[in-house]
Amino acid sequence: MTENVVVLGAGYAGAGAINKLQSELGRNARLTWIADVDYHLVLHESHRVIRDPNVRSDITFPVEEIADPSTQFIQAEVTGLDTDERIVELAGEEDIEYDYVLVALGTKTAYYGIPGLEEHSLTLKSLDDALDIHEAITEASQEATRGEPAQVVIGGAGLSGIQTAGEVAEFRDARRAPIDIHLVEALDEIFPGNDPEIQQALRKRLEEAGVQIHTDDPITEAKEDVIEFDEGEPLEHDVLVWTGGITGRDALDDADVEKEHNRVHADATFQTSDDRVFAIGDSAIIDQGDQPAPPTAQAAWQAADVVGENIARAIEGRPLMTWEFEDKGTVISVGEKAVAHKIKPAFGISLPVDTFGGIPAQNLKKMIAARWIADITSWNEARKSWSSL
Ligand SMILES: Cc1cc2nc3c(=O)[nH]c(=O)nc-3n(C[C@H](O)[C@H](O)[C@H](O)COP(=O)(O)OP(=O)(O)OC[C@H]3O[C@@H](n4cnc5c(N)ncnc54)[C@H](O)[C@@H]3O)c2cc1C
């Protein structure tokens with residue numbers, strides 16, 4: 001009997017899983033890949049597009065470069081998952097039946113009920129989002145003067161917010177544009193929940209780049225041209241980018257699997273409360289003991305490597321492998337610069353310091369993205385993208 005394996009999403013989780021499933025699945029399985037776009041976007045470099053839209057061709061890869069001819073790709077929006085009927089519902093297309101489905105749809109932006117935030121802010125979750133931010137900043141800076149610079153406010157100082165602020169600073173410097181940049185964080189330090197050493201290193205780079213940092217004061221309301229805080233003075237904005245939170249996709253609203261804010265609970269084998277449904281990447285809350293796996297590209301990449309084998313094992317009725325997230329360290333860009341922290345020793349070389357910047361960190365950042373691109377396409381593609389990473 002042929003088993004239908006369906007993968008939803010073309011991000012790190014989906015593209016990585018397709019890559020792996022193509023080598024793991026036997027002849028008794030048929031692979032279908034569904035995403036709302038026909039390319040893989042290296043989302044963790046999408047902030048580069050804010051500075052220069054031309055970067056897009058170096059960080060997007062057509063699905064046919066990843067999918068084997070035997071893999072069927074369907075470009076469509078997933079609107080539902082019916083676990084009783086075992087079908088994936090698509091907008092404007094026939095339902096797709098599955099025997100096993102992998103949910104890898106990533107997340108959408110969360111607004112936490114803050115009045116006006118959704119209406120008045122831009123988000124960064126896709127290529128179109130990054131292009132919209134570029135356009136909004138271009139327009140605002142064209143209307144601004146040295147005396148009245150454009151106010152660009154970025155809400156949320158996690159991976160996306162920090163890297164967005166760095167790219168807006170590069171945009172400002174390359175065009176000598178009159179722009180003030182504000183990075184706003186509700187908690188008491190940027191890159192919340194992380195080691196003070198990397199927090200301070202990032203703060204230093206951002207301040208050197210002229211980014212004004214506001215911490216320890218949550219946004220209480222966003223209006224068309226101003227945001228209000230719990231305690232501080234209101235802050236005017238011409239462009240407001242909100243990167244302060246994630247929540248699951250609407251497509252999973254009615255899916256009958258255990259979930260929290262539409263992110264699907266999975267155990268360390270990636271199996272969910274329905275043993276025909278697997279989930280990885282940001283869509284999933286993957287049990288790792290005390291803390292779930294983090295919603296990062298790093299975790300999605302590692303999980304994608306294992307989920308392919310586990311789906312193959314499930315088909316064959318073999319025991320599933322248990323995955324353990326390995327934190328290999330963090331590298332974050334602030335424009336052209338970068339900060340690296342707690343990088344795991346590689347090739348037998350261990351590093352004498354925990355946190356470093358300069359050319360070693362810049363090159364490491366490029367190398368990580370290049371390795372991913374090479375993994376899913378080829379080193380030749382990675383080489384072509386190098387200068388944009
Ligand atoms: C600006 C930015 C910088 C970041 N920097 C880092 C970093 O430095 N390091 C790090 O580890 N992580 C970083 N991250 C986080 C990282 O990008 C995510 O953790 C990672 O993309 C998760 O991969 P994913 O495949 O689960 O989701 P995604 O990459 O979001 O992919 C989801 C896929 O599903 C598709 N999709 C969504 N909804 C539907 C639907 N209804 N129907 C069909 N298809 C759909 C999307 O088009 C996409 O192909 C960053 C994120 C951003 C936004």
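Throughout, read-outs are computed from the coordinates displayed, never taken from laboratory work. Quantities reported herein were computed from a predicted structural model and do not represent experimental measurements. Every residue, glycine among them, receives a Cβ derived from its backbone with ideal geometry; neighbour counts consider all protein chains shown.
Values for this structure:
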item	result
Residues of the range 102-120 with amide N under 20 Å of the 7 Å Cα→Cβ point at residue 135	109, 118-120
Calculated [θ] (222 nm, deg cm²/dmol) that DSSP helices of n ≥ 4 give over the chain, each run adding -39,500 (n - 2.57)	-9500 deg cm²/dmol
Calculated FRET value between residue 52 and residue 27, using beta carbons and R₀ = 30 Å, to 0.05	0.10
³J(HN,Hα) computed for each position of the range 372-388 - Karplus, 6.51 cos²θ - 1.76 cosθ + 1.60, integer Hz, glycine/proline x	5, 4, 5, 4, 9, 10, 7, 5, 5, 5, 4, 4, 5, 7, 3, 5, 8
Sequence-distant residues sharing a close amide H with residue 81 (under 5 Å, placed H)	89, 254, 255
Restraint check, 108/337; 204/337; 20/342; 108/328; 204/366, Cα-Cα greater than 23 Å	108/337; 20/342; 108/328
Residue order, fewest to most surrounding Cβ atoms within 10 angstrom, among 203, 176, 313	176, 313, 203
Chain lengthening between residue 221 and residue 197 when straightened (0.36 nm per residue, less Cα-Cα)	5.5 nm
Distance in nm between pseudo-label sites at residue 353 and residue 118 (7 Å out along the Cβ direction from Cα)	4.5 nm
FRET E, pair residue 256, residue 326, Förster distance 30 Å, beta-carbon r, rounded to 0.05	0.40
Extended-chain gain in nm, criterion 0.36 nm per residue less alpha-carbon gap, residue 265 and residue 173	28.7 nm
Dipole-positive endmost among 41, 80, 377 within the chain (Cβ charges, Cα centre)	377
Amide H contacts under 5 Å for residue 33, placed H, 5+ residues apart	7, 72, 73, 74
Backbone N under 14 Å from the residue 336 label point (7 Å along Cα→Cβ), restricted to the range 176-197	176
Contour excess over end-to-end distance, with Cα ends at residue 228 and residue 379 and 0.36 nm allotted per residue	49.6 nm
Loop sites in the range 97-128: chymotrypsin sites (Phe, Trp or Tyr not before Pro), DSSP, at most 14 other Cβ within 10 Å	112
